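Inspection log for the structure reproduced underneath, given as structure tokens.
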Amino acid sequence: MASPLKRLVTDTGPMGSSIRIPVGSIATALYVAFICLPILALLVRALSQEVALASLLNDNVLQALWLSLFTSTISMVVVVVVGTPFALSLARSSSAVMRVVDQIVELPIILPPVVAGVAMLLAFGRQGILGPPLAHLGISLPFTTMAVIFAQIFVAAPFYIRSAKLGFMAVPREYEAISQTLGLSPWRTFLKLTLPMATPSLLTGLALAWARALSEFGATIMFAGNLMGETQTMPLAIMTAMETSLESAIALSVILLALALLVLGALGLISRYRWREST
Amino acid sequence: MSSAQGESSSFRSSGWVRYQIGQFNLEAQWEVEPGQLLTLFGPSGAGKTTLLRAIAGLLQPLEGHIEIGGRPVYDGVTSIFVPPHLRRAGLLTQGYHLFPHLTVAGNIGYGLIDWTPEGRRRRLAELVEMFQLGELVNRRPHQISGGQQQRAALARALAPMPALMLLDEPFNSLDIELRRTLRSELRTRLREAGVPAIMVTHDIEEAISMADTVQVINKGKLEAAGAPLEVLGQPGHGRVARLVGVENLLSLVITSLHPQDGTMVCAVPSGSLQLEVPLSDVASSSRVTVGVRASDIILSDTEPRGSSARNRLPGVVSAIELRPPGYQVTLACGDVDLKCHITGTSLNEMCIATGDNLWAVFKASSCFLVSDEE
């Protein structure tokens, strides 16, 4: 018969792998419940009270909703227009300077949004570094809709840039060389080849950034304040509503949730498109 | 660009370049006529791919002059540098690099962006027909086989009517069987298209069966050039012989000349082995290196009397190795080991085993003198 040591060794193999399965399923179940329970609670509560549904048509709500959509759309236009060429040069450069820049891009992701808001106030605020020259030009940023957009770009842009950079990096240079030998200039090669090949990554990044911009709260309240119709976006409106009526807070939350789910749905469609590409 | 439609490239492409990366120095010179194929043969790292990329305009040489389809596209002195997309040089890479986001038809039509819709449709139909890609046009590159990918990539490269085709080891990612079939197919298509082509390879069989001319390149330098069989079949240069992989290189001393037969006799210094080789312009008793291809040697289990072959050497089988598609038998003939290539069928029929006594038979004309490098 086998020695005790050998038995121990042969026994741990299958045991180790059989243990992992229940642990894995328990972890999965726990996590799914942890994520879904609050969302379910919100939906159940919202559907059970007619008051909340009625308050959906409230003026304040429509104003906040419009402001959120408007500011996040402008932010995303800026992020895409500036972020795409920037991401391309990040993907294509191997210089030491660009490696440092690459690290700087990630900074807003690790920075707490509230801290970002304070920092932006110190840079662009009336007392800030750029305050006097901006005031000289008759521009005052803090507590304006523009400030909301600034805050959203600051926190959301890294998600797009990071994803776009990875997308561009995944396009082999050899393809671009081939495209040029087929008669397409570098610019047309970018439009006809590099951009279409990176599009799934760009869209994924855009969805992530958009969701992040929609949910922006900390930096906005510090840098832009909470002025109804001007800087009060959906997340701020929810917090304000919470102080007076839980019902309207719930209603607003459901709307924001719907918007977020819309983004998630778009993300799902894209990844399915991507999956079909790669199989 | 619509003037390029239907225009065939009836000009030759030629040039020379010097290129340097660090210690590596590449010097090359070439000339290809329409419909002809020039093969650059050499080990990996010899600078062949670098040269192709320089011709395509993907690299800028140190100096040189490049003409494609009779038009100068690079000149180091007058600082002409035509960018790759205006050079009309098609490139077929090792991995084919079909664009994954496009169908086969999308790939082939990719370079026809400036053609009229009608012209594009006609050209596409023509190429699909020529390359028998009919039922594959709507597939994605990953859904078709390696051989089909090669055909699609070649069709894509030929679509915009290039004035020169550059082929970078186009058979590398295919298995041996498929290589043989596709070789003649590729050669035929290029001839039909009437495009001058430069192909890079490190496969001697490929070089011999496809090329009109061969250049042997090693470490960035041209070692030999000429007709494929002359250069690679009986390479007269020590380095080239070694690059090509001539299996038997024997160091011999000339013992007698026989001008009436056009031969001379050489022997190993100890005198245990004698060979008759083609007469050459060297003095008696001088040292020579003689090359014999393993595939030119016949093995016989009895002394082949009444044979016209001048060289008949007895020996003992010292090793048998698998060397696809056949076997390599090493025969110890005195001080010399002779390597012979035979098929598996011959090996089985003759029941060859190590220790057997066999005769190696080959004609004097199968031997060639290899001049040793200085």
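The values are calculated or read from the model by the stated rules, or taken from the named source; none is laboratory data. For clarity, every value in this text was computed on a predicted model and none was experimentally measured. Cβ placement follows ideal geometry from the backbone for every residue including glycine, while neighbour counts extend to all protein chains displayed. In case anyone asks, the SASA skips ligands and DNA or RNA and just uses the protein heavy atoms, side chains included. Shrake-Rupley method; radii C 1.70, N 1.55, O 1.52, S 1.80 Å.
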Query - Karplus 3J(HN,Hα) series, Hz, for the range B:310-320 with 6.51 cos²θ - 1.76 cosθ + 1.60 (x for Gly, Pro) - result: 7, 10, 10, 10, x, x, 10, 5, 9, 7, 10
Requested in this report: Mind giving me the nanometre distance, one decimal, between the label points for B:ARG287 and A:SER25, set 7 Å out from Cα along Cα→Cβ?
Outcome: 7.9
Report summary line: Rounded to the nearest 100 Å², the accessible area buried between B and A, both sides, probe 1.4 Å, is 2100
Query raised in the report: In debye to the nearest 20, how big a dipole does chain A give about its Cα centre with +1 on each Lys and Arg Cβ and -1 on each Asp and Glu Cβ?
Result: 1060
Query - Amide H partners (placed H, <5 Å) of B:MET161, local residues excluded - result: none
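Compute the relative contact order of chain B as a whole-number percentage, counting only Cα pairs closer than 8 Å that sit 6 or more residues apart in sequence.
Working: 779 pairs, mean separation 60.8, N = 374.
Relative contact order here is 16 percent.
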Query - In sequence order, calculated HN-Hα J values of the range B:223-233 (Karplus, 6.51, -1.76, 1.60; Hz; x Gly/Pro) - result: 9, 6, 8, x, 5, x, 5, 5, 6, 9, x
Query raised in the report: Which residues of the range B:13-61 end up with at least 50 Å² less accessible area in the presence of all protein chains than when their chain stands alone, using a 1.4 Å probe?
Result: none
Query - Computed label-point distance, nm, for sites B:SER346 and A:ALA41 using a 7 Å Cα→Cβ extension - result: 8.5
Query - Square roots of 5 times each gyration tensor eigenvalue, C-alpha, the protein assembly as shown, largest first, Å - result: 71, 33, 24
Query raised in the report: Using θ = phi - 60° and the Karplus form 6.51 cos²θ - 1.76 cosθ + 1.60, what ³J(HN,Hα) does each residue of the range B:125-141 get, whole Hz, x for Gly and Pro?
Result: 4, 4, 6, 4, 5, 4, 9, 6, 10, x, 7, 9, 4, 9, 7, 8, x
Report summary line: The farthest towards the positive end of the charge dipole of chain A, of the residues A:ALA266, A:SER95, A:THR231, given +1 on Cβ of Lys and Arg and -1 on Cβ of Asp and Glu, is A:SER95
Query raised in the report: Which of the lysines could a cross-linker span from A:LYS192 if the Cα-Cα distance has to be under 23 Å and same-chain partners fewer than 8 positions apart are dropped?
Result: A:LYS165
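Could you work out the helix-only [θ] at 222 nm for the protein assembly as shown, with each DSSP H run of four or more residues adding -39,500 (n - 2.57) and the total divided by the number of residues, to the nearest 500 deg cm²/dmol?
After summing the helix terms and dividing by the residues of the protein assembly as shown, the value is -15000 deg cm²/dmol.
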Query raised in the report: How large, in percent, is the carbon and sulfur part of the accessible surface of the range A:57-278 at a probe radius of 1.4 Å?
Result: 72
Query - Relative contact order, percent, chain A [alpha-carbon distance under 8 Å, six or more residues apart] - result: 26
Report task. Treat each spin label as a single point 7 Å out from the Cα along the C-beta direction, and report the B:ARG242 to A:ARG99 distance in nm. Result -> 3.9
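If you build the Cα gyration tensor of chain B and take the root of 5 times each eigenvalue, what three semi-axes come out, in whole angstrom, biggest first?
On the way: eigenvalues 433, 129, 51 Å².
They are 47, 25, 16 Å, listed from largest to smallest.
List the relative contact order of the range B:1-137 as a percent without decimals, with contacts defined as Cα pairs under 8 Å and 6+ residues apart. Mind showing how you got there, number by number?
Numbers: 150 pairs, mean separation 29.1, N = 137.
It rounds to 21 percent for the range B:1-137.
Assuming a strict under-29 Å limit between Cα atoms, what lysine pair count do you get for chain B once near-sequence pairs (fewer than 8 apart, same chain) are dropped? Please report the intermediate quantities before stating the final value.
Numbers: B:LYS48/B:LYS219; B:LYS48/B:LYS221; B:LYS219/B:LYS339; B:LYS339/B:LYS363.
Going through chain B pair by pair, I get 4.
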Report summary line: Quick shape check on chain A: root eigenvalues a ≥ b ≥ c of the Cα gyration tensor, a/c under 1.5 is rounded, otherwise prolate if a/b tops b/c, else oblate, and it reads oblate
